[in-house]
Amino acid sequence: MLLLWVYLSLFAASSSFQVEDLAPRAELRFRQNNFATPAKYPFETMGGGVAALDFNNDGLLDLLFLNGAPSPEHRKTNADSFNRLFRNDGNLAFTDVTAASGLDGHDVVGYPQGVAIADFDNDGFVDVFVSNYGNNVLYRNQGNGTFKNVTETAGVAMPQHPFKASACWLDFDNDGWLDLFVTHYFHWTFKEHADYHCGIRKPSWRSYCRPDEFKPLPNALFRNNHDGTFTDVSETAGIAGHAGKGMGVVTADYDNDGWMDLFITNDRAANFLFKNRGGRFEEVALVAGVYANEAGTFVSGMGCDMNDYDNDGFPDIFYTDLVTECFGLFRNLGNGLFQDTAYPSRIAVFSATRSGWSNKFMDWDNDGWKDVLALGSHVLDNSELYNPRARYREPCFFFHNTGNGKFEDWSSSLGPDFQKAGANRGLAVGDFDNDGRLEAVVNRLNDVPLFFRVKSQLLNHWLLLRLEGRKSNRDGIGAKIKAVLPSGRSVYEHVTTANGIYSASDKRVHLGLGKEAQVSTLEIRWPSGVVQKLANVRAGQVLTVVEGE
């Protein structure tokens with residue numbers, strides 16, 4: 001352990017900025033309750049999703065936090081189990097508007113796990129999907145600040161397999177309407193739970209069971225029928241033939257062929273990479289090199305993200321796992337293959353002693369290189385009893401991208417607020433005050449949230465893009481952005497709301513530009529195939545781009 005500490009210290013670096021937790025000042029008065037029981041039901045240690053969304057179209061990001069629910073019926077009937085919607089009033093101040101919104105989950109039977117946000121009906125207002133242990137819930141935004149539960153009509157409840165985890169929206173068939181992908185964790189029911197007694201060395205040592213104890217399940221894909229309903233196309237689209245223990249899911253066009261692909265982390269099982277072949281998927285994780293780490297080990301895959309950290313035009317993959325397993329970083333080689341770069345990049349060294357949940361590629365200092373923000377915490381609330389190196393409550397971790405394929409661990413130098421430990425789960429990232437500095441919001445089990453903001457003004461430039469599809473889906477999800485800077489350097493991004501695990505971030509695209517005060521050429525490739533170019537775009541603005549205009 002001493003040698004590991006010395007090795008880590010060689011790569012420690014001081015950050016160029018610090019962050020502060022604004023949650024109390026922002027009036028984010030919420031405390032997640034996971035309703036843990038001595039029975040150790042597996043969904044209790046999961047969940048804790050959070051979403052950044054502009055539900056009222058005022059140009060300011062609002063926040064939705066998912067809560068737990070009492071077991072075994074997990075029916076939300078009282079305030080300490082309600083989800084919470086906070087309206088952004090400007091100046092990073094929020095108002096709890098849950099009561100009138102219809103998003104509290106009142107009387108819904110289901111234990112919330114994850115949240116996915118997007119405008120599924122192309123009416124200009126963001127909608128909300130909540131995955132549950134139990135039936136899922138789809139809320140349609142009615143455009144007046146309220147949401148309506150349309151699950152039964154839409155046909156996305158999924159009662160046949162109750163244990164769902166994360167979800168994401170994507171237009172997998174490029175028809176201009178967003179479809180829905182949902183991960184299944186594993187097969188588990190209350191009736192069977194009495195047969196499982198995991199981790200017992202002493203009566204007080206009962207623990208949550210490892211996923212190895214349970215049978216895997218296939219994930220689900222729902223095609224949007226353009227009329228408020230969905231059709232389960234898991235079989236015909238090539239998804240149902242692959243059983244796993246799905247946790248996080250992200251979507252991007254990893255091979256730049258114009259079709260959105262999917263990456264799923266599986267818990268102690270092989271990961272999935274679903275390559276989209278024109279509306280039907282082929283699972284290619286093994287041949288692409290991302291089914292396991294370089295040693296061929298299946299780890300406790302948790303949250304994941306897919307984005308271009310080395311600015312070569314091809315999105316790369318990052319995921320978190322548990323202590324001693326080392327977080328995963330896979331560089332996209334541009335030929336359909338990925339290379340495990342966790343050790344060369346130093347990510348493996350920094351994460352060897354840590355456990356992680358949600359995460360996101362984000363450029364926190366606007367230097368044009370995407371960094372990694374990851375949330376610490378173990379799965380087991382008594383993990384220290386079994387592993388002296390494990391910690392249930394951990395702080396967050398921040399790995400700064402140096403731009404040469406390597407990262408520096410800035411976690412300890414981001415200030416005292418960043419050192420707050422907790423059972424961190426969901427992560428939502430966005431620019432909540434439209435000033436070019438990204439904020440990060442963390443939902444924590446049995447605790448109040450964190451709301452990290454950069455304390456000082458950043459010297460680097462930025463651009464925030466709000467895309468509006470016409471032939472493509474209204475949110476522009478799947479659109480790819482290339483920003484060519486005056487120096488000749490390029491920065492790449494794409495539109496998505498899914499990241500990490502259980503979570504959803506701002507659909508707007510944030511570009512760090514470093515010292516460059518403008519973008520020479522801004523190229524947008526829409527899912528419809530339309531290519532749009534803008535010249536000499538000024539930095540330091542929130543720019544709306546409408547497809548074809």
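The values are calculated or read from the model by the stated rules, or taken from the named source; none is laboratory data. All of these numbers come straight from a predicted model, not from anything done at the bench. Counting neighbours? That spans all protein chains shown, and the Cβs are built from the backbone with ideal geometry, glycine included. In case anyone asks, the SASA skips ligands and DNA or RNA and just uses the protein heavy atoms, side chains included. Shrake-Rupley method; radii C 1.70, N 1.55, O 1.52, S 1.80 Å.
Determine the equivalent ellipsoid of segment 139-207 by diagonalising the alpha-carbon gyration tensor, then write out the semi-axes as square roots of 5 times the eigenvalues, largest first, rounded to whole Å. Mind showing how you got there, number by number?
On the way: eigenvalues 275, 49, 30 Å².
Output for segment 139-207: semi-axes of 37, 16, 12 Å.
Given N residues in segment 62-123, what is Rg(Cα) / (2.2 N^0.38 Å)? Walk me through the intermediate numbers first.
Details: Rg = 13.1 Å, N = 62, 2.2 N^0.38 = 10.6 Å.
Scaled against compact globular proteins, the figure is 1.24.
Which whole-number percentage describes the relative contact order of segment 138-223, with Cα contacts under 8 Å and a sequence gap of 6 or more?
On the way: 109 pairs, mean separation 20.3, N = 86.
Normalised by residue count, the contact order of segment 138-223 is 24 percent.
Residue separation times 0.36 nm, minus the C-alpha to C-alpha distance between residue 80 and residue 31: what's the value? Mind dumping the intermediate values first?
Values: separation 49, 0.36 × 49 = 17.64 nm, distance 0.81 nm.
The residue 80-residue 31 span can extend by a further 16.8 nm.
If you place +1 on the Cβ of every Lys and Arg and -1 on the Cβ of every Asp and Glu, how big does the dipole about the Cα centre of segment 232-352 come out, in debye to the nearest 20? The partial results should precede the final answer.
Details: 7 positive and 18 negative charges, 51 e Å.
In total the dipole reaches around 240 debye.
For the chain, what does the relative contact order come out to in percent, with C-alpha contacts under 8 Å and a separation of six or more? Let's see the in-between values first.
On the way: 1626 pairs, mean separation 82.0, N = 549.
For the chain, the relative contact order is 15 percent.
If you count, for each residue, the other Cβ atoms within 10 Å and average over each peptide, how do 444-452, 164-172, 184-192 line up from highest to lowest?
Numbers: 444-452: 22.6, 164-172: 28.2, 184-192: 16.6.
Going by the mean number of other Cβ atoms within 10 Å, highest first, we get 164-172, 444-452, 184-192.
So, how do all the Cα-to-Cα distances of segment 370-529 break down into 10 Å bins, in percent, from 0 on up?
Binned Cα distances yield the sequence 9, 31, 34, 18, 7, 1.
Run the lone-cysteine check on the chain: no other Cys C-beta under 4.7 Å from the residue's C-beta.
168, 304, 326, 396
Applying 1/(1 + (r/R0)^6) with R0 = 41 Å to the Cβ-Cβ distance of residue 175 and residue 489, what FRET efficiency is obtained, to the nearest 0.05? Mind dumping the intermediate values first?
Details: r = 35 Å, r/R0 = 0.86.
E between residue 175 and residue 489, to the nearest 0.05, is 0.70.
Under a straight-distance cross-link criterion of Cα-Cα below 17 Å, which lysines are reachable from residue 420, leaving out those fewer than 8 residues away in the same chain?
Qualifying lysines at Cα under 17 Å: 455.
Tell me the net charge near residue 273. Cut-off is 11 Å between Cβ atoms, residue 273 excluded, with +1 for each Lys or Arg and -1 for each Asp or Glu.
Numbers: positive: 275; negative: 255, 261, 282, 283.
Value of the local net charge: -3.
Once you list every other residue whose beta carbon is under 15 Å from the beta carbon of residue 34, what net charge do they have if Lys and Arg are +1 and Asp and Glu are -1?
Values: positive: 31, 40, 76, 84, 393, 425, 444; negative: 44, 80, 381, 447.
Net of charged neighbours comes to +3.
Any chance you could run the full-extension gain for residue 386 through residue 18? It's 0.36 nm times the residue separation minus the Cα-Cα distance, nm to one decimal. Spell out each step's value before the answer.
On the way: separation 368, 0.36 × 368 = 132.48 nm, distance 3.47 nm.
This chain segment gains 129.0 nm when fully extended.
Restricting attention to the alpha-carbon atoms of segment 325-464, what are Rg (one decimal) and Dmax (integer), both in Å?
15.7, 48
If packing is taken as the average number of other Cβ atoms within 10 Å across a peptide's residues, how do 121-132, 414-425, 371-382 rank, most packed first?
Values: 121-132: 21.9, 414-425: 20.0, 371-382: 24.1.
With the highest mean Cβ count within 10 Å placed first, the list reads 371-382, 121-132, 414-425.
Considering the values (i) 67, 60, 49; (ii) 70, 54, 45; (iii) 70, 67, 50, which represents Cα extents along the principal axes in Å as calculated for the structure under consideration?
Recomputing Cα extents along the principal axes in Å here gives the entry labelled (i).
Rounded to a whole number, what % of the accessible area of the chain do carbon and sulfur atoms account for, probe 1.4 Å? Please list the in-between numbers first.
On the way: 9650 of 19110 Å².
Roughly 51 percent of what the probe reaches on the chain is carbon or sulfur.
Grab the beta carbon distance between residue 421 and residue 99, set R0 = 35 Å, and tell me the FRET efficiency rounded to 0.05.
Working: r = 32 Å, r/R0 = 0.92.
It comes out at approximately 0.65.
How compact and how long is segment 90-152, expressed as Rg and Dmax of its alpha-carbon atoms in Å?
12.4, 39
Quick one: Cα convex hull volume of segment 10-118, Å³ per residue?
Values: hull volume 18.5 nm³, N = 109.
Value for segment 10-118: 170 Å³ per residue.
Lys and Arg at +1, Asp and Glu at -1: add these up for the other residues within a Cβ distance under 12 Å of residue 378 and post the number.
Working: positive: 354, 389, 391, 393, 425; negative: 321, 325, 381, 384, 394.
Local net charge: 0.
Starting from 0 in steps of 10 Å, tell me what percent of the Cα-Cα pairs of segment 252-362 lands in each bin.
Taking all Cα pairs of segment 252-362, the binned fractions are 16, 51, 29, 4, 0 percent.
Report, ordered by chain and residue number, the aspartates and glutamates lying within cross-link reach of residue 191, taken as a straight Cα distance under 14 Å and ignoring same-chain residues fewer than 8 apart.
73
With contacts defined as alpha carbon pairs under 8 Å and 6 or more residues apart, what's the relative contact order of segment 451-549 in percent? Kindly include the intermediate steps, with their values, before the conclusion.
On the way: 207 pairs, mean separation 36.7, N = 99.
Here the relative contact order equals 37 percent.
Could you work out the Kirkwood radius for segment 144-264, taking every pair of different alpha carbons, averaging 1/r and inverting it, reported in Å?
16.6
Considering only Cα-Cα distances, which of the following residue pairs are longer than 26 Å: 164/406; 245/480; 40/245?
Where the Cα-Cα span goes over 26 Å, the pairs concerned are 164/406; 245/480.
Regarding segment 200-325, what is the average projected area of its C-alpha convex hull, in nm²? Before the final figure, lay out the partial values.
Details: hull surface 43.0 nm².
About 10.8 nm², averaged over all directions.
Tell me what the chain gives for mean residue ellipticity at 222 nm when only DSSP H runs of n ≥ 4 count, each as -39,500 (n - 2.57), the sum divided by the residue total, rounded to 500 deg cm²/dmol.
Details: 6 runs with 30 residues, N = 549.
Value at 222 nm, helices only: -1000 deg cm²/dmol.
What aspartates and glutamates does residue 76 reach when the alpha-carbon gap must be under 14 Å and sequence neighbours fewer than 8 apart in one chain are set aside?
Counting by Cα, and skipping residues close in sequence, residue 76 has these aspartates and glutamates nearby: 104, 107.
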